[in-house]
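J.: Structure provided below as structure tokens; questions to follow.
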Amino acid sequence: MLLNYILIDPNPIQRLHLLQFFKKINSLELRAEFSNAVDAHNFLNYNTIDLIFLSAKLPVYSGFDFIDKLCDPHEIILLTEKPQDALRAYELGLTDCIAPPYSLKRIEKSVERVSSKIKSSKEVKKDSNHILEIKHNLTTEKIPTSEIKWIEAMGDYVKVITNEKKYLVLSTMKAFLERLPENEFLRIHKSFIINLKKVVNYTSTSVNVEGSDLPVSRNRKKDFRQSIRQF
């Protein structure tokens, strides 16, 4: 599995040192390197990557501040000299935490962990009874994807509509769609993702999802009609 990654570290010599290790790992593909979190954050607003190698110590705002500002979930390997950062990384659910002196063997082990995690995630997505973990109102909740009716864009957030409750989650529509089971959910509009199993009927301009009419974009009509035939 090829992993597209970025490296964020303020020390140019250390970046060069790390990149020499990364080049020896065939499964890694460098997309960009940054000396600060601001430039990296701007890059992620327009690009999709699989993995972030992130230094905890950064100018402007720290690596942990950078994590807090991320809209989409990413696999992150934290680079730090402080032992206490490892505990915080664990609490945040980061993939791994590496301390210097860095070695190829240790980095390869972390990369293998990322590959396994992404592979497992893709396999789970195929399960129609998939349980999705989301952060809502400072708590983490588990939702069966089968209960989701649709997802609606709300600026930097998405609103997840279920039969029982509505959830506001910090995420982009694209990133949220990637977490859902394949072939069951479809983006029919820039602002709407629907559960195809919940569709009652549809017209040339809208889709009725269990009593609610949602707009379908002109350029997404063909994809919708092809997908709905499965149900």
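The values are calculated or read from the model by the stated rules, or taken from the named source; none is laboratory data. What you see is a predicted model; the values in this text were computed from it and never measured. All Cβ positions, even for glycine, are placed from backbone atoms using ideal geometry, and neighbour counts span all protein chains on display.
Residues checked against (1) modelled with pLDDT of 90 or more; (2) not charged (D, E, K, R):
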site	(1), (2)
ASP96	yes, no
PRO100	yes, yes
LYS105	yes, no
SER121	no, yes
VAL124	no, yes
HIS130	no, yes
ASN137	no, yes
THR145	yes, yes
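J.: Moving on to the next point. Considering only residues of region 55-79 that are in a helix (DSSP H, G or I) and at pLDDT 90 or above, which is nearest to SER116 (Cα to Cα)?
T.: ILE67
J.: Does GLN226 satisfy the condition of being in a loop (DSSP other than H, G, I, E, B) and at pLDDT below 90? Outline the logic, then answer.
T.: Values: in a loop (DSSP other than H, G, I, E, B): no; at pLDDT below 90: yes.
For GLN226, the condition - in a loop (DSSP other than H, G, I, E, B) and at pLDDT below 90 - is not met.
J.: Here's something else I'd like to know. Just to verify a result, which residue in region 129-156, among those that are in a loop (DSSP other than H, G, I, E, B) and not hydrophobic (A, V, I, L, M, F, W, C), is nearest to the chain's Cα centre (by Cα)?
T.: ASP156
J.: Filter region 15-43 down to the residues that are assigned to a helix (DSSP H, G or I), touching a strand residue (DSSP E or B) at 6+ places or on another chain (Cβ under 8 Å) and not small (Gly, Ala, Ser) and list them by number.
T.: Scanning region 15-43 gives ARG15, LEU18, LEU19, PHE22, PHE43.
J.: Restricting to region 1-24, count the residues that are surrounded by 16 or more Cβ atoms within 10 Å (Cβ to Cβ) and of a type in the set (Val, Ile, Thr).
T.: 2
J.: Give LEU79, LEU18, LEU28, LEU58 a once-over and let me know the one that is touching a Pro at 6+ places or on another chain (Cβ under 6 Å), over 15 Å from ALA175 (Cβ atoms), hydrophobic (A, V, I, L, M, F, W, C) and touching a residue at least 24 places away in the same chain (Cβ under 8 Å).
T.: LEU58
J.: Answer yes if at least one residue in region 59-66 is aromatic (Phe, Trp, Tyr), touching a helix residue (DSSP H, G or I) at 6+ places or on another chain (Cβ under 6 Å) and not assigned by TED's automatic domain parsing to the domain that holds ALA153, and no otherwise.
T.: yes
J.: In the set ILE52, ILE6, which member is touching a His at 6+ places or on another chain (Cβ under 8 Å), part of a strand (DSSP E or B) and more than 18 Å from SER103 (Cβ to Cβ)?
T.: Among ILE52, ILE6, only ILE52 is touching a His at 6+ places or on another chain (Cβ under 8 Å), part of a strand (DSSP E or B) and more than 18 Å from SER103 (Cβ to Cβ).
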